[in-house]
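Inspection log for the structure reproduced underneath, given as structure tokens.
The values are calculated or read from the model by the stated rules, or taken from the named source; none is laboratory data. All of these numbers come straight from a predicted model, not from anything done at the bench. When we count neighbours, we look across all protein chains shown, and the Cβ atoms used for this are built from the backbone with ideal geometry, even at glycine. Heavy atoms of the whole protein, side chains included, go into the accessibility calculation; ligands, DNA and RNA do not. Shrake-Rupley method; radii C 1.70, N 1.55, O 1.52, S 1.80 Å.
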Amino acid sequence: MSTGVTVWFTGLSGAGKSTIARILEKRLKDMGRKVEILDGDVVRTNLSKGLGFSKEDRDTNIKRIGFVCHLLTRNDVIAISAAISPYRAVRDYNRSLIGNFVEVFTKCSIDECEKRDVKGLYKKARAGEIKGFTGVDDPYEEPLHAEVVCETDKQTPEESAEQILKKLEELGYIHQACKA
Ligand SMILES: Nc1ncnc2c1ncn2[C@@H]1O[C@H](COP(=O)(O)OP(=O)(O)OP(=O)(O)O)[C@@H](O)[C@H]1O
Ligand SMILES: [Mg+2]
């Protein structure tokens, strides 16, 4: 019997959500599980096309992702959300909606995220070309009770993925011993 679950990443831009999500997806698929990633960047070009970055629009975006994760999870899929999801209240809203919910905090200092600047967005935010950028001039509310905290400025992405798999096993969502 496989049980659905939502793995909900949260963390600053560049903290490693998408990177770790992709490694996790592969590992879970290799175990024979059905997996779907809802990546923030992709969702904003379709499901949430037209939404901006005000608090209201961010909350709407995160609730939409949460709703899709809810549908997938109740059909025994492993749904992985990889969006910044800066606000605690709406993450907790999704947690109550979905039930089988594992929150993963990709914890990384803003300095390190800014040094990585994968998409060049911090540079633009510092130059004032982007307004309301999370961690620069918009808030990020750290989770208080995340099931997993991945310190991505100290660990490799593979180590973080392992840490999440271990927690999923501990909570009974996966069985790593029987990989079929
Ligand atoms: N331990 C680590 N875990 C994850 N990523 C890491 C780690 N160390 C270095 N990196 C690098 O940091 C970058 C993280 O970028 P990634 O796109 O995954 O971030 P993100 O959290 O999805 O950001 P965004 O919110 O902008 O989509 C990648 O280039 C990745 O290779
Ligand atoms: Mg990403």
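Restricted to the range 168-180, and to residues that are assigned to a loop (DSSP other than H, G, I, E, B) and within 26 Å of Ala89 (Cβ to Cβ), which residue is nearest to ligand 2 (Cβ to nearest atom)? Steps first, answer last, please.
Within the range 168-180, the first condition is being assigned to a loop (DSSP other than H, G, I, E, B), and the residues that meet it are 171-180.
Adding the requirement that they be within 26 Å of Ala89 (Cβ to Cβ) leaves 171, 173.
Values: Leu171: 24, Tyr173: 23 Å.
Across the range 168-180, the extreme among qualifying residues is Tyr173.
Scanning the range 99-121 for residues that are farther than 10 Å from Phe9 by Cα and open to solvent by less than 20 Å² (accessible area, probe 1.4 Å) returns Phe101, Cys108, Cys113. Any residue at all in the range 145-167 that's within 16 Å of ligand 2 (Cβ to nearest atom), closer than 20 Å to Val43 by Cβ and open to solvent by less than 60 Å² (accessible area, probe 1.4 Å)? Scanning the range 145-167 turns up no residue that is within 16 Å of ligand 2 (Cβ to nearest atom), closer than 20 Å to Val43 by Cβ and open to solvent by less than 60 Å² (accessible area, probe 1.4 Å). Would you be able to say whether some residue in the range 80-92 is touching a strand residue (DSSP E or B) at 6+ places or on another chain (Cβ under 7 Å), within 16 Å of ligand 2 (Cβ to nearest atom) and farther than 19 Å from Glu141 by Cβ? Yes, the range 80-92 contains a residue that is touching a strand residue (DSSP E or B) at 6+ places or on another chain (Cβ under 7 Å), within 16 Å of ligand 2 (Cβ to nearest atom) and farther than 19 Å from Glu141 by Cβ.
Kindly list, by first and then second residue, each pair from a residue in the range 2-21 that is farther than 26 Å from Leu121 by Cα to a residue that is among the hydroxyl-bearing types (Ser, Thr, Tyr) and open to solvent by 20 Å² or more (accessible area, probe 1.4 Å), limited to pairs with Cβ atoms under 7 Å and residues at least 6 apart or on different chains. From residues that are farther than 26 Å from Leu121 by Cα, the pairs are Thr3/Tyr173; Val5/Tyr173. Residues in the range 1-27 that are part of a loop (DSSP other than H, G, I, E, B), within 11 Å of ligand 2 (Cβ to nearest atom) and out of contact with any Asp or Glu (no Cβ under 8 Å at 6 or more places or on another chain): Gly11, Leu12, Ser13, Ala15, Gly16. Among the charged types (D, E, K, R), within 16 Å of ligand 2 (Cβ to nearest atom) and either farther than 24 Å from Tyr140 by Cβ or open to solvent by less than 20 Å² (accessible area, probe 1.4 Å) (or both) - does that describe any residue in the range 33-53? Yes, the conditions are met somewhere in the range 33-53.
Of all residues in the range 10-32, those that are among the β-branched types (Val, Ile, Thr) and open to solvent by 20 Å² or more (accessible area, probe 1.4 Å) total 2. Which pairs turn up if I take residues in the range 27-39 that are of a type in the set (Lys, Arg) and look for partners that are at pLDDT below 95 with beta carbon separation below 6 Å, at least 6 apart in sequence or on another chain? Once the first residue is of a type in the set (Lys, Arg) and sits in the range 27-39, no partner that is at pLDDT below 95 comes close enough.
Entry remark, the range 129-144: residues being open to solvent by less than 30 Å² (accessible area, probe 1.4 Å) and more than 11 Å from ligand 1 (Cβ to nearest atom) number 2 in total.
Of all residues in the range 59-80, exactly one satisfies the criterion of being among the hydroxyl-bearing types (Ser, Thr, Tyr) and more than 16 Å from Glu103 (Cβ to Cβ), namely Thr60.
All conditions in (1) over 23 Å from Gln176 (Cα atoms); (2) out of contact with any Ser or Thr (no Cβ under 7 Å at 6 or more places or on another chain); (3) not hydrophobic (A, V, I, L, M, F, W, C) hold for Gly16, with the sole exception of (2).
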